[in-house]
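Colleague: So that we are looking at the same thing, I have put the structure below in structure tokens.
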Amino acid sequence: MTPAAALPPGASRTEPRPDGAGERGGDRRLRVLHLEDSAPDHELAMAHLGRAGLGVDVLRVDSEAAFREALAARDWDVVLSDFNLPGFDGLRAQRILQDSGRSLPFILVSGEIGEDTAVAAMRNGASDYLLKNNLARLAPAVEHAIAAHRDRQARTEADRELAASRQRLSELAQHLQTSVEMERAAIAREIHDDVGGSLTAIKFDLAWIGRHVADPEVQQRVFNALETVAHAVEASQRIMHNLRPAILEQGLVAALQWMAAQFENRSGIACSFRSSHENMQLPAGVPLVAYRFAQEALTNVSKHAQATRVTIDLSLSRGVLSLEVSDNGRGLDRADLAKARSFGLRGLHERAGTVGGWVEVSSSAGGTVLMLSVPMRSAGAAAPPDGETAFDQDDDHDPTGWGTL
Ligand SMILES: Nc1ncnc2c1ncn2[C@@H]1O[C@H](COP(=O)(O)OP(=O)(O)OP(=O)(O)O)[C@@H](O)[C@H]1O
Ligand SMILES: [Mg+2]
């Protein structure tokens, strides 16, 4: 029973029915808002609920104002509504309920209700409709509507939590990608400054010693040491390049051209590179994402594709940067993409996300195509000022293409 507060005009309270033995198995009482202008019809409906063993706290209202007020005043489990009401009707009541932002089961209980009205009510989201001359169905309909509503709410909540958790996971993965790049850049800098600097100094000293000793045996030792130092310099440059591709300082086009040539030399797989522009002014972060994308795609080609030809296509068109790596190898399938211990393609997807882009994979008998797309604010735009977002966010695309990366 609701507390003894002032009732809005057009509202009246009915005591819970004692004849139905009250509550079920300790369940709390159902809070029923009954929109009904006929007191006897209201009593009859409550009697049916009581007889079915439902303990209810009910408020009867019969005007639009009282209905609005009651909706705002407290929580309800279900709204029962007559169809013909003074000054308005059940369909309008349903709209008022929807507009109120409250999500509640709504059951039409009416003397006469045409098929069209019933269909309209159900389309608008009513849980059920009943005729007043068949109130035996009322209690099961109320119970079913409430249970279905709770299920729906639980599902919605679970979906919301799942989406939020996916979002958090993706943010974490993107953050990790960015941190890894920063860490790599820092290590590359240290190798350059400390190791590189020391090796250069050793090289000069060795050369000086070589020039100032006459003993051929010592000279040979110096020569060997110089060779070792040269190897070490080469190795540290290679490591630095892998950590942070310095070639990118000459621009993405030059870097990809170099990568294609290196790949062809190393793997023996013919690799061609095409670009729509000779130079591209890209926002900060994009060249490195594109570079890592091509790097992983080519590594995959040499590891998995059994291809004889690869093409790298870079284009900037209609405000979207596209980088496509296609091979003529054996292709891949969904099971390949779902491999538990494969992170290359998954990582690319997260990496693309850090600059507002996405990755698509497609495969056929003719081979595999990997495509990175990054929308720019405007084609060929220069890097935006600090703090500005460089990209339009487009929610319409499917960021994973086919398959879950
Ligand atoms: N170009 C390709 N041609 C054929 N199969 C491919 C190609 N690229 C990827 N695959 C398949 O897709 C799988 C997933 O690739 P992914 O790059 O995610 O992982 P990986 O290369 O196996 O491992 P890593 O985590 O080292 O990258 C590969 O194991 C391979 O079976
Ligand atoms: Mg890989």
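Colleague: When you look at Ala297, is it in contact with a Leu (Cβ under 6 Å, 6 or more places away or on another chain), touching a residue at least 40 places away in the same chain (Cβ under 8 Å), more than 9 Å from ligand 1 (Cβ to nearest atom) and within 25 Å of Arg266 (Cβ to Cβ), yes or no?
Modeller: no
Colleague: Tally up the residues in segment 278-291 that are touching a helix residue (DSSP H, G or I) at 6+ places or on another chain (Cβ under 9 Å) and crowded, with 20+ Cβ neighbours inside 10 Å, please.
Modeller: Qualifying residue count for the region: 7.
Colleague: Tell me the residue from Thr308, Thr299 that is touching a strand residue (DSSP E or B) at 6+ places or on another chain (Cβ under 9 Å), more than 23 Å from Gly197 (Cα to Cα) and exposed (fewer than 14 other Cβ atoms within 10 Å of the Cβ), please.
Modeller: Thr308
Colleague: Against the condition buried (at least 16 other Cβ atoms within 10 Å of the Cβ), outside the structural domain of Ser315 (by TED's automatic domain parsing), β-branched (Val, Ile, Thr) and touching a residue at least 24 places away in the same chain (Cβ under 8 Å), how does Val195 come out, does it pass?
Modeller: yes
Colleague: Of these, Glu278, Glu190, Glu234, which one is assigned by TED's automatic domain parsing to the domain that holds Glu324, within 49 Å of the chain's Cα centre (by Cα) and of a type in the set (Asp, Glu)?
Modeller: The match here is Glu278.
Colleague: Looking at Ala232, Ala255, Ala188, which one is surrounded by 12 or more Cβ atoms within 10 Å (Cβ to Cβ), in contact with a Pro (Cβ under 8 Å, 6 or more places away or on another chain) and farther than 21 Å from Gly353 by Cα?
Modeller: The match here is Ala255.
Colleague: Could you list, in sequence order, all residues of segment 322-337 that are farther than 13 Å from Ser362 by Cβ, more than 6 Å from ligand 1 (Cβ to nearest atom) and at pLDDT 95 or above?
Modeller: Residues satisfying the conditions are Ser322, Leu323, Asn328.
Colleague: For segment 338-367, enumerate the residues that are more than 10 Å from ligand 1 (Cβ to nearest atom), in contact with a helix residue (DSSP H, G or I) (Cβ under 6 Å, 6 or more places away or on another chain) and either at pLDDT below 90 or not aliphatic (A, V, I, L, M) (or both).
Modeller: Glu350, Arg351, Gly353, Thr354, Trp358
Colleague: Continuing with the same structure: Take Val233 and decide whether it is more than 27 Å from Ser302 (Cβ to Cβ), in contact with a Leu (Cβ under 7 Å, 6 or more places away or on another chain) and β-branched (Val, Ile, Thr).
Modeller: In short, no.
Colleague: Among Ser275, Ser170, which is the only one that is over 30 Å from Gln306 (Cα atoms), among the hydroxyl-bearing types (Ser, Thr, Tyr) and surrounded by 13 or more Cβ atoms within 10 Å (Cβ to Cβ)?
Modeller: Just a single option satisfies the conditions, and that option is Ser170.
Colleague: Here is a follow-up. In segment 119-137, what residues are within 13 Å of Ser81 (Cβ to Cβ) and either touching a Gly at 6+ places or on another chain (Cβ under 9 Å) or assigned to a helix (DSSP H, G or I) (or both)?
Modeller: Ala121, Ala126, Tyr129, Lys132
Colleague: Which residue is surrounded by the most Cβ atoms within 10 Å (Cβ to Cβ), if the candidates are limited to segment 235-252 and must be small (Gly, Ala, Ser) and within 22 Å of Met280 (Cβ to Cβ)?
Modeller: Result: Gly251.
Colleague: Given the condition in contact with a helix residue (DSSP H, G or I) (Cβ under 6 Å, 6 or more places away or on another chain) and under 30 Å from Gly50 (Cβ atoms), answer yes or no: does some residue in segment 136-143 qualify?
Modeller: Taking every residue of segment 136-143 in turn, at least one turns out to be in contact with a helix residue (DSSP H, G or I) (Cβ under 6 Å, 6 or more places away or on another chain) and under 30 Å from Gly50 (Cβ atoms).
Colleague: Need pairs with beta-carbon distance below 8 Å; first residue in a strand (DSSP E or B) and within segment 84-99, second hydroxyl-bearing (Ser, Thr, Tyr); sequence gap 6+ or separate chains.
Modeller: What qualifies is Asn84/Ser110; Leu85/Ser63.
Colleague: If you don't mind, another one. Find the strands (runs of 3 or more DSSP E) located wholly in segment 281-380 whose residues include 2 or more that are more than 16 Å from ligand 2 (Cβ to nearest atom), of a type in the set (Ser, Thr, Tyr) and farther than 26 Å from Leu176 by Cα, and list them.
Modeller: Those strands (runs of 3 or more DSSP E) span 309-317, 358-364.
The values are calculated or read from the model by the stated rules, or taken from the named source; none is laboratory data. Model, not experiment: these values are computed from the prediction. Don't worry about glycine lacking a Cβ; one is built from the backbone with ideal geometry, like all the others, and counts go over all protein chains shown.
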